[in-house]
Structure formats: C-alpha cells, structure tokens
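See structure below.
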Amino acid sequence: MKTTAHRTDAPECAWRAKAADAACDALDETEKAAFDTHARQCSDCRETAESFRNVIQKLRDGMPAASCRDLPPDIMRRIPDSGWTPETSDAGRRRLGFPAFALRAAALVLAALAGAVLLTLRFGTKPDAVGPVAAAPSRANVIRDALQWLASVQEDSGAWAPQSWGGRQVYETALTGMALLTFLRHEDGQHPSAANAVPGGAAYLLTRQRADGGYGPAASGHMYNHGIATVALLEAYRQGLAPADAEASLKTALAFIREQQSHTGGWGYDTHPMSRPNTSISVWQMEALALGLALGWTEAGEPLERGLAWLATMANEQGQFGYRQADDTADHAALTAMGAYCLFKAAGKTPDDPAGRALVRRALHRVATESEEGNLDYYRSYFIASALKTSAEPEHRQSLTRLRSRLTREQSQDPLLAGSWNPADQWSAVGGRLYATTLAAMMLENRPGMDP
C-alpha cells in the first residue's frame, strides 16, 4: 500500500474527505467528475483514494467464505431498498455524526479484523501451513455427518428454514419434507437424532395443510411443496414416526393430488387441473400415490395408473424423457432419470408388457451413460442416483459408485459447516444449503424411496 509523507504545517485538503467515497464508488456522477478533476492535480487526494482502493482489493481477494450459517444472502435480504442508495448530501452526513470517509475507513478496518478472525478459525494461527492429506471419509461417515448437521439446524417449530441457509422461504414446506426424507431413508437403522427430528418435522408439516388439502402456501410451484411434503409424511407414517392424527391429513392430501391431476394424466405447477403438466412436478405426485397404494389406500391406484400412462408418452424412441412432451428434452439427463425411476418404482415392478420393459432398459442405459463431469447439479443427480439404485446391472452400479465418490469428496470441509454441502448449482438460489445437503445425502443412502 502506498503511503505519502505530509508536511505537518500544511493544511489538509478539503477534498481528501471524499477519497474513501471515491474508492467505494459512492459518489454520484457530478461529485465523481469533480473529484477526478481535482485528483489529477492533487497527489495527496489521488494517493489517498488509491490507498483505499488497494485495501478494498486486498480484502476482496483474501476474504474467506462466510463460515457461520449462510449469512451473506440472509443479510442481503434484510437490507431495505433504501439502504442501497448512498446518502451524499451534507445534511445526511451531519446526521451520521462522522465524515463519510471516516466511517468507511472504520468499516474497512473491521472487515480486515473479521477476515483475520475467520482465517484463524478456519486454518489455525498459521493459515499457510499444509497438513497431511486425510483419507477420504467412508460413505457411512459422510451420511452420519449430514444427519448431524441437519439435526443441528432444525428450528424449534420442527421446520427447516431455507431462508437461513440461502434459500427461499416459500419452499420451506418442501425443504422440511426433504430433510425428513433424509432421516427416513437412512438404511443403517434409525439415526439417534431422528427420534426428535422426524416427529417434530412431521408435526410441523401437518400444520401447513390448507383447507383444500394442499400442504404449503398457495404460490407458484405449490405442487412441489405439496408433493414432497406428502411423500415425506407418508414415509414417516409408514415407519410409525408420524403423529397419531396423520392418517386423516394424508388421505386428504392424496385426494388433493387426485383433484389436481390433468385430464391427460400429469400434474403442473399450479393448483388446478388445467395447469399444463410436466415431468418434474408429476413424479413427486406419483411417488406419493405409490406410497399411498402400498399402505392399502386403493383409491390411489387409478390416478397412479393414469399418471404412469401419461409419463410413458413423455419418452421418445431413444429412451429420453421430455418435460412437457416427448421431444422437449432440454435437460434430458434429469428428465430421463425421473422417468426411469418413476416407471420402475411407482409400478412396483418391471412393467409386464415387453414395450414397457424395453422402455425402462433404454432409459436406465441413458441414465448410466450420462456424464457427471463439470458442475454438479444436485436435483438432476438425485434422480440419476435414484434411477440407478433400482437396477442391479453392474454398469449401473458402477455409475452410481462414481457419482457417490464425487459427492463424498465435495462435502464441506469448513468446521462450522461440517456435514453439509455447498449450494453451488443452478437451483441453489431457490433451496440453498438445505437443498444441496438433503439431496446429496439421499444420493448416498441406499434406499431409493417408493419402497412397498
């Protein structure tokens, strides 16, 4: 950082108070033009502004990621729109009680101190020290850590709050359901924390049911909330971990799914039968119906058959599934995995007819050969893993092993976020860390769901 020696008997330039504002791009266009004109002639102001810019750049380059909850998005949401407009009037500065450059300088010092503290927390007193490379953790330990993290961030209400972890509150119902499913699909016996986490989460979801039978707020994407919550509650009910009054609520929830089914057999985003159906929404509703049918609630059978028949029309001859029609394959890897998983598992067995069996084989082959290189997409990979779990073919199991190996390596190593996964894919802005962690953990668990 540059420093400038000043004569002790020379008066301080009045423009110097604007140097920090200039470095932070907090001046309006008129003030910025005036300061730049002055700074060309005044080395003191020019070098002061440059010093601030150097400090800001060093902080940007050296600051570690947030280590305590996912605070940056949470803080950003709490700042009112007016807070983003710099108050540049003299009256505004007088109300603050300090020159603007002094406040900004103080903020920079505090940021530097915070960075030093976080570096110490993350890496110890010698952040540049390189320790021995630890052996890759086992799949069982990774799942255990994920369940421990989920249990530690459950709210007192029983919910899991996505808004605290970089997600959107409107999907709290669905993400609470996904957290429950992560506990419920643990194959090595009930995790110790499930005894409190599951009943509390299930009780919370029951309070989210509306008068029409739907779970969650009546907002865009409502059927995601409802389908996932219904699947989670049915799993909890089947394992004897749901509240005693859950049966009536669940039968009402399944009736709601039947009412929202389109005349063609699928389901769409909105809560009315005329909503155009798509594969991504429909698979959750069919999974709920399949679980209801497995519990002996036969009224789920007919809509499930209609849904599976509609789903078969979403596949082309190559075994790829579309979004709203067979040739709509923008994200065919995810959609094909959804279709293969749902046809295989929701039907309860491999389809009886030769054409159905051939379709499942083609779809599973597509899923197994899809590359998982590049950025991880948790939602797509969840369905790929779920589809591969339905197959005993060696090549399918090898593909699943490769996917799981990558997930194991990518679990967060931050001590304050241990057990979670970083929200880093295209849907993470919606679901945040809860979305990433629940889907990753369920991919590692052996139970694919839809078990009879």
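The values are calculated or read from the model by the stated rules, or taken from the named source; none is laboratory data. This one's a predicted model, so the numbers in the text were calculated from it and none came from an experiment. Cβ sites come from the backbone with ideal geometry, for glycine too, and all protein chains shown count toward neighbours.
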Problem set entry | Any chance GLU259 is over 24 Å from GLY158 (Cα atoms) and either aromatic (Phe, Trp, Tyr) or modelled with pLDDT of 90 or more (or both) | yes
Exercise. With respect to the numbered conditions (1) assigned to a loop (DSSP other than H, G, I, E, B); (2) exposed (fewer than 13 other Cβ atoms within 10 Å of the Cβ); (3) not charged (D, E, K, R), which one is the sole condition not fulfilled by ALA33?
Worked result: (1)
For this session: Return the residue satisfying two criteria in turn: it lies in the stretch 161-180 and is buried (at least 24 other Cβ atoms within 10 Å of the Cβ) and of a type in the set (A, V, I, L, M), and of such residues it is farthest from the chain's Cα centre (by Cα).
Result: LEU180
Problem set entry | Matching option when the condition is at pLDDT 80 or above, surrounded by 18 or more Cβ atoms within 10 Å (Cβ to Cβ) and in contact with a strand residue (DSSP E or B) (Cβ under 6 Å, 6 or more places away or on another chain), among ALA300, ALA315 | ALA315
Problem set entry | Unmet criterion (only one of (1) under 21 Å from TYR379 (Cβ atoms); (2) within 20 Å of the chain's Cα centre (by Cα)) for GLU235 | (2)
Exercise. Among the residues of the stretch 379-407, which ones are of a type in the set (Ser, Thr, Tyr) and either under 17 Å from the mean Cα position of the chain (by Cα) or over 16 Å from ALA441 (Cβ atoms) (or both)?
Worked result: TYR379, SER381, TYR382, THR390, SER391, SER399, THR401
Exercise. Within the stretch 135-145, is there a residue that is surrounded by fewer than 24 Cβ atoms within 10 Å (Cβ to Cβ), closer than 23 Å to TRP284 by Cα, touching a residue at least 12 places away in the same chain (Cβ under 8 Å) and in the same structural domain as ARG404 (by TED's automatic domain parsing)?
Worked result: no
For this session: Please enumerate the residues belonging to the stretch 398-413 that are touching a helix residue (DSSP H, G or I) at 6+ places or on another chain (Cβ under 7 Å) and not polar (S, T, N, Q).
Result: LEU400, LEU403, ARG404, LEU407
Exercise. GLU259: charged (D, E, K, R), buried (at least 23 other Cβ atoms within 10 Å of the Cβ) and in a helix (DSSP H, G or I), yes or no?
Worked result: no
Seminar exercise, completed: Selection over the stretch 214-231 where residues are buried (at least 24 other Cβ atoms within 10 Å of the Cβ), over 19 Å from the mean Cα position of the chain (by Cα) and outside any helix (DSSP H, G or I) yields a count of 2
